[in-house]
1. Using the alpha-carbon atoms, what tilt in degrees (0 to 90, nearest 10) does helix 45-56 show relative to the longest principal axis of the chain?
2. For the stretch 114-217, just say rounded, prolate or oblate: build the C-alpha gyration tensor, square-root its eigenvalues into a ≥ b ≥ c, call rounded for a/c under 1.5, and beyond that prolate if a/b exceeds b/c, oblate if not.
3. What list of ³J(HN,Hα) values in whole Hz, one per residue of the stretch 24-41 in order, does the Karplus curve 6.51 cos²θ - 1.76 cosθ + 1.60 (θ = phi - 60°) give from phi, with Gly and Pro shown as x?
4. Could you compute the longest span of the chain free of GluC sites (Glu not before Pro) located in DSSP loops and having at most 16 other Cβ atoms within 10 Å, not counting the site residues?
5. Compute the signed sum of charges (Lys and Arg +1, Asp and Glu -1) over the other residues within less than 11 Å, Cβ to Cβ, of THR27.
6. Counting only DSSP beta bridges with both residues in the chain, what percent are antiparallel, rounded to the nearest 5?
7. Between ARG148 and LEU46, what is 0.36 nm times their sequence separation minus the Cα-Cα distance? Round to one decimal in nm.
8. In degrees between 0 and 90, to the nearest 10, how far off the longest principal axis of the chain does helix 94-103 point, with axes built from Cα atoms?
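The values are calculated or read from the model by the stated rules, or taken from the named source; none is laboratory data. In this text, all values refer to a predicted model and were calculated from it rather than measured experimentally. Don't worry about glycine lacking a Cβ; one is built from the backbone with ideal geometry, like all the others, and counts go over all protein chains shown. What goes into the accessible areas is simple: the full protein's heavy atoms, side chains included, and nothing from ligands, DNA or RNA. Shrake-Rupley method; radii C 1.70, N 1.55, O 1.52, S 1.80 Å.
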Amino acid sequence: MTLPHGCPDDEPEWAPTALAVFDMDGTLLPGTTACRQIALVAEDPLVVERLEGDYRDGLIDSTEFARRALASWAHAGPGLYRRAFDACPKIGGVERTLAWLRARSVVTCLITMAPRPFAECFTGFDHVFASSYPDDILNPEDKPEVVRRLQRRLGIDGMRTIAFGDSDSDIPLFRALTRTVAVNATPNLAAMAARRYDGDDLWEALRTLYALRERQP
């Protein structure tokens, strides 16, 4: 994948205090993925379900997944990604969490294998790294490199970087960091995370890392 997407070319004009990294599928979209939601709105969900199974079983790679998925919903026309985003379930507390981090000069970053037009519907993140279907795919192994490049640009080390994820695709990222939260996660990811949260509120997941009072904005 082409990694610089979303990376600043110059040093920021203000001094960030930390970096917060968020996965999207399964983390911000509990129990589902962007591609499933896109396919649902395109009225052809079975294709993506089969493709996700084939990818999980190693029968196809991420590029072939993207090519076939894109072809399956190409008929749905303009506005598909926005319609899918608006209709899909989302974890609670996203705006509150981002506002709290922003007020403390924490840079926020969304990293996902999902299509970029869908990921960019999540507003409020300082950086969004996602796949440009069908040829420029952000794979799980790319996630730690994206974070390392941001850390270097921003002058932030690993101890000032936190990450939230849910599945085995986040294992490469969690291996590279120590301050991690597994959110409604697979057993493999939960076992290696510093903290674990099961629920429907991202703010509560953040509170597992910080001693936050309930009344804080």
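1. Computed tilt is about 60 degrees.
2. rounded
3. For the stretch 24-41, the Karplus-derived couplings read 10, 4, x, 9, 7, 10, x, x, 8, 10, 4, 5, 5, 5, 4, 5, 5, 5 Hz, x marking Gly and Pro.
4. The segment 44-119 is the longest one with no such site.
5. Net charge in that neighbourhood comes out at -3.
6. For the chain, the DSSP antiparallel bridge percentage is about 5.
7. Here the answer is 33.0 nm.
8. Taking the Cα atoms of the chain, the angle to 94-103 is about 40 degrees.
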